[in-house]
1. Could you list 50, 61 so that the one with the fewest beta carbons within 10 Å of its beta carbon is first and the one with the most is last?
2. Fewest to most neighbouring Cβ within 10 Å: what's the order for 66, 87?
3. Would you mind ranking 59, 137 by Cβ crowding within 10 Å, fewest neighbours first?
4. Given R₀ = 25 Å, FRET efficiency for residue 137-residue 9 by Cβ-Cβ distance, to 0.05?
5. P(r) for the range 66-155, please, calculated from all Cα pair distances in 5 Å bins and given in %.
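Rule-based calculations on the coordinates, nothing more; no lab input. Treat the numbers as computed from the prediction; the structure is a model and nothing was measured. Positions of Cβ are backbone-derived with ideal geometry, glycine not excepted, and every protein chain shown enters the neighbour counts.
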């Protein structure tokens, strides 16, 4: 075993130790929240992207949003991703905190989600749900720019 493999193997062993069953269910903790987040995030991302394209088309006095300038295309795709990330970020934060709260023999499932959300709310209202938002948005802008610009030129 190489030294670079050791952290991954140790992580896998910790997941197995703290899993509530002998199966690999520990790999799926928080996946339900991730699935719940994906559909609205995608809809917001594409909706904001199209709205931004229309805004820039009006700003540039172009009748067809597909004819906007490259910088407007860049900005539209980035804004679409940022809007989606902003709205989905609380669910991501809740999912991450919930995964950190897993304790063998502790509450699980929907009770764990609601317990973690209540703890977060009690510690500061909405603020804990958006902790670290800047860096999430900072990383999302270039990602969605590449993603949506590629989508636009392939379709």
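1. Details: 50 14, 61 6.
Exposure proxy ranking, most exposed first: 61, 50.
2. Numbers: 66 10, 87 16.
By the 10 Å Cβ count, ascending: 66, 87.
3. Values: 59 11, 137 16.
With the sparsest Cβ surroundings first, the list reads 59, 137.
4. Details: r = 34 Å, r/R0 = 1.37.
For residue 137 and residue 9, the calculated efficiency is 0.15.
5. All Cα pairs, binned at 5 Å, distribute as 3, 13, 19, 16, 12, 11, 9, 8, 6, 3, 1, 0 percent.
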